[in-house]
Amino acid sequence: MASLDLVQSLHGHDDRAWSVKWNPAGTILASCGSDTKIILWMEEGGKWSAKVTLTNAHQRTVRTVAWSPTGTYLASCSFDKTICIWKRDETGAFDSIATLEGHENEVKCVAWSISGEYLASCSRDKTVWIWTCEYDDEYDCLSVLHSHTQDVKKLCWSPSEDILVSCSYDNTIKLFKDDGDDWTCVETLSGHTSTVWSVGFDHSGNRLVSCSDDQTIKIWQRLGGEGDGNFGAQGWQCVCTLGGFHDRTIFDVDWNRKNGAIASAGADDSIKIFEEDLDVRDSLREPSFRLSFSVPRAHSQDVNAVSWNPVRPNLLASCSDDGSIKIWNYTQEAR
Amino acid sequence: MDGFSGTLRLTDLNDFMAPAQECIKPVTINRIPEKGRSIKITASGDYSEVDAKGQEKKLEKAAITLSDCLACSGCVTSAETVLIQQQSVDELLRVIRENLEVPADQRRIIVASVSLQSVASLARRYRLTMRQCQQKVSGYLRSLGVDRIYDLSAASALALTESQREFVDRARRNDPGSLPMLASACPGWICYAEKTHGSWVLPYINTTKSPQQIQGALIKKYLSRADHQNPGKYYHATLMMCYDKKLEASREDFYDDVLRSREVDCVVTSLEMEQMLEKKGVLLDQVCSSDFDLLPGLSTEFYNSGGGAGGYLENILRHAARELFQYEVGPVEYKTIRNQDFRETTVTINGELKLYFAAAYGFRNIQNIVQKLKRSKCPYGFVEIMACPSACLNGGGQIRAPDAAEAKVWLQDVQELFDSLEKTDAGSNIPWLDGLYRTLRDDPSTEPSKLLHTQYHSLENKGTALNIKW
């Protein structure tokens, strides 16, 4: 039997907690929320506790945090229209080194490319921005993308190449690539019938998982197979829709890049784990996923985000409108 | 909304306003308070007022004008319909039609000023040379009932000369806020700067009016004087490369209260011109040719060197090198920074960096300039800022390639057409320009420092707490 067991509840935010993200080494969990605080949680003697609290950078809700691929930088974005870049020094302390301005209103998400070369941000102003840092902690805007027609909710980068994915209140998912002089939208994935709240890649970059206000989770497959360098030309296709599991908006999904499990969470206060039915998988058939485990009342209010630890794949973190952060231990079904 | 530059589109310039971007402009409606009345919504969705006697009266709709929108910081402007009513081909045609219906002595003089970028766009569309296209456009406008047709020679020459002088003044003054000087010809950029960044960025912007508005001032103040006519006698339309020019023409700064007249009454874009030709089934190449008129005192045409954005960077660079360092700049060489729309150039004399200019087109590059300036890390003396990628030849009002895949080749063709005209350096002696300046200075009402300059207004959104929801 698979199971998801609570390891620890963490309390430190005074208001709703919006986002949780593990650093690449899996040793620090960063969380942020409406109290404008960013808290860094670390494990000591088997117990997780708040080690660092970053304050005074943002005036309003901190919506999302993101770690750079090396773990040296942390980016935070806020409803105060700004993005803040934090740098970790030799002592492990974090200093705010840059504030990125330009969005017209609430910044909803930030994400670093796998190469660390680009930082992407998106906002209620309907735009996606791509930034780069060349020297002296000076960030320049490389592109402002107007493809979405509504609030852009979340961003993620491919783990294998510089491809950015965004999802929006306009019900679509969009893929962006650098065409040499500017970034352009190379593909739009339609299928969800309401706001797409989150999107994430699998380990290979050939599959995407998305979740929506339409209460479904969709799996998208890159056509042309693995290793097909001709990205975008062949397109992406929805190969699986998981409905009937969440009965309210699904706010977040995260695809475990080590063990392939998909975690989802939403307004029904639950956390659910899905596994692919590898037994029935063959190249001629569409993949099939099944619910592996569900925690119906994972939090007492909306669960806003879930995040798998990249190094310890059994650890899952979640955060909620109830203000708490929870760390869970996932046990896969014995095969 | 596609006509506007991307910079403006970003700033909530949309027919559809998201919940947090509802129009917050208070509207005054004259009504007499009276008891015992109620409001009824009719089947057609109109609102009627029913008084105590049961009499129905249709209620006036609250109307927001373009000027209201421009003076408000709630959003950049509300709906495209506002623009369409006041600045359109239909409006131009209506004015011309009505003008022909009144007795000859009461008729207004209909003037059209045609931008070179629009000529290049139409020339590409109809496969004409620049010269042919100018003559065909002129011939067509005359056939509609336009009385005078001018190019922007004088306005461009004046805009460049005034910008050159202003730059040298600023460089000599060199107090905080004087440099870098930022170009002012692009209305998309000006609107964005005023509404989004406001007071701190405005002092850096060149106070020289854009060629369109200088042309407007010349028509209403200079031409009218030469003609011994009242400025109100003229109806002035422009054919421009840019939808945002409609916003520029509507600015209060360019409305003369005393004369009750706008410098530019109506802006028509290249694209709207094409649509009008298509609608009427007119083949431009088969229209009778006619030459442009020349403003009084002008002996030749002037086409600016230095590109489709107006040539500000190159002309100011040459003039500043000459005035400040007694140095003649050769062909200007650019270094591309990161993308084609962000280029730098320098003047180095005896190993010492003397001038460091940049051209930054498109919203992403404007961002970097503005943010660097905000952090006092902008190293440039002058920045030719334009809202559209590839600047004005690619303006939001230009005719697009029929197939989006050919957009780049199409733009190259337009560029080549534009470049085919012989260009003049604004610093070289243009005899009629000196004469024009002398005439302008002779009359206090056309004093160049007033006639050719403008000011900017901070419209920062202060009431955020009131209108932001999420």
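Per-structure values
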{"quantity": "Filtered residues of the stretch B:257-281 (kept if β-branched (Val, Ile, Thr) and surrounded by fewer than 14 Cβ atoms within 10 Å (Cβ to Cβ))", "calculated": "B:Val258"}
{"quantity": "Residue that is over 21 Å from the mean Cα position of the chain (by Cα), of a type in the set (Ser, Thr, Tyr) and in the same structural domain as B:Ser118 (by TED's automatic domain parsing), where the choices are B:Ser210, B:Ser224, B:Ser250, B:Ser270", "calculated": "B:Ser224"}
{"quantity": "Considering residues of the stretch B:226-246 that are in contact with a strand residue (DSSP E or B) (Cβ under 9 Å, 6 or more places away or on another chain) and aliphatic (A, V, I, L, M) only, the residue nearest to B:Gly307 (Cα to Cα)", "calculated": "B:Met241"}
{"quantity": "Filter result (crowded, with 23+ Cβ neighbours inside 10 Å, within 12 Å of chain B (Cβ to nearest Cβ) and of a type in the set (A, V, I, L, M, F, W, C)) within the stretch A:142-157", "calculated": "A:Val144"}
{"quantity": "Residues of the stretch B:424-455 that turn out to be part of a loop (DSSP other than H, G, I, E, B) and surrounded by 15 or more Cβ atoms within 10 Å (Cβ to Cβ), as a count", "calculated": "6"}
{"quantity": "Any strands (runs of 3 or more DSSP E) falling wholly within the stretch A:1-105 and containing at least 2 residues that are open to solvent by less than 10 Å² (accessible area, probe 1.4 Å), more than 14 Å from every other protein chain (Cβ to nearest Cβ) and in contact with a helix residue (DSSP H, G or I) (Cβ under 7 Å, 6 or more places away or on another chain)", "calculated": "none"}
{"quantity": "Matching entry among B:Leu295, B:Leu239 (being in contact with a Phe, Trp or Tyr (Cβ under 7 Å, 6 or more places away or on another chain) and not charged (D, E, K, R))", "calculated": "B:Leu295"}
{"quantity": "Any chance B:Ala404 is modelled with pLDDT under 90 and closer than 21 Å to A:Thr127 by Cβ", "calculated": "yes"}
{"quantity": "Residues of the stretch A:158-215 that turn out to be more than 20 Å from A:Lys126 (Cβ to Cβ) and of a type outside the set (S, T, N, Q), as a count", "calculated": "19"}
{"quantity": "Residues (out of contact with any Lys or Arg (no Cβ under 8 Å at 6 or more places or on another chain) and part of a loop (DSSP other than H, G, I, E, B)) located in the stretch A:121-156", "calculated": "A:Asp125, A:Lys126, A:Thr127, A:Asp136"}
{"quantity": "Test result for B:Leu411, crowded, with 17+ Cβ neighbours inside 10 Å, away from chain A (no Cβ under 14 Å) and either hydrophobic (A, V, I, L, M, F, W, C) or at negative phi (or both)", "calculated": "no"}
{"quantity": "When residues of the stretch B:329-357 are limited to those that are under 26 Å from A:Asp178 (Cβ atoms) and in contact (Cβ under 8 Å) with a residue 40 or more places away in the chain, the one farthest from the other protein chains (Cβ to nearest Cβ)", "calculated": "B:Asp341"}
{"quantity": "Residues that are open to solvent by less than 60 Å² (accessible area, probe 1.4 Å) and either part of a strand (DSSP E or B) or in contact with a His (Cβ under 6 Å, 6 or more places away or on another chain) (or both), drawn from the stretch A:170-185", "calculated": "A:Asp170, A:Asn171, A:Ile173, A:Lys174, A:Leu175, A:Phe176, A:Trp183, A:Thr184, A:Cys185"}
{"quantity": "Members of the stretch A:162-192 that are more than 20 Å from A:Leu119 (Cα to Cα) and of a type in the set (A, V, I, L, M)", "calculated": "A:Leu189"}
{"quantity": "Single residue of the stretch A:106-120 satisfying the filter (of a type in the set (Ser, Thr, Tyr) and assigned to a loop (DSSP other than H, G, I, E, B)) that is least open to solvent (accessible area, probe 1.4 Å)", "calculated": "A:Ser113"}
{"quantity": "Residue in the stretch A:162-185 that is within 12 Å of chain B (Cβ to nearest Cβ), aliphatic (A, V, I, L, M) and closer than 23 Å to A:Trp22 by Cα present", "calculated": "no"}
{"quantity": "Lone unmet requirement of (1) within 14 Å of chain B (Cβ to nearest Cβ); (2) closer than 25 Å to B:Ile337 by Cβ; (3) at pLDDT below 95 for A:Gly116", "calculated": "(1)"}
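The rows are residues; the columns are (1) part of a strand (DSSP E or B); (2) open to solvent by 20 Å² or more (accessible area, probe 1.4 Å); (3) farther than 26 Å from B:His197 by Cβ.
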| position | (1), (2), (3) |
| --- | --- |
| B:Arg322 | no, yes, yes |
| B:Glu344 | yes, yes, no |
| B:Leu373 | no, no, no |
| B:Pro379 | no, yes, no |
| B:Cys388 | no, no, no |
| B:Gly396 | no, no, no |
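The rows are residues; the columns are (1) of a type in the set (D, E, K, R); (2) open to solvent by 10 Å² or more (accessible area, probe 1.4 Å); (3) in a loop (DSSP other than H, G, I, E, B).
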site	(1), (2), (3)
B:Gln135	no, yes, no
B:Ser138	no, no, no
B:Arg142	yes, yes, no
B:Ala155	no, no, no
B:Arg172	yes, yes, no
B:Trp189	no, no, no
B:Gln215	no, no, no
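The values are calculated or read from the model by the stated rules, or taken from the named source; none is laboratory data. No experiment lies behind these values; they were computed from the predicted model shown. In this analysis, Cβ positions are derived from the backbone assuming ideal geometry, glycine residues included, and neighbour counts consider all displayed protein chains. When the accessible area is computed, the model is the full protein with side chains, heavy atoms only, and any ligands, DNA or RNA have been set aside. Shrake-Rupley method; radii C 1.70, N 1.55, O 1.52, S 1.80 Å.
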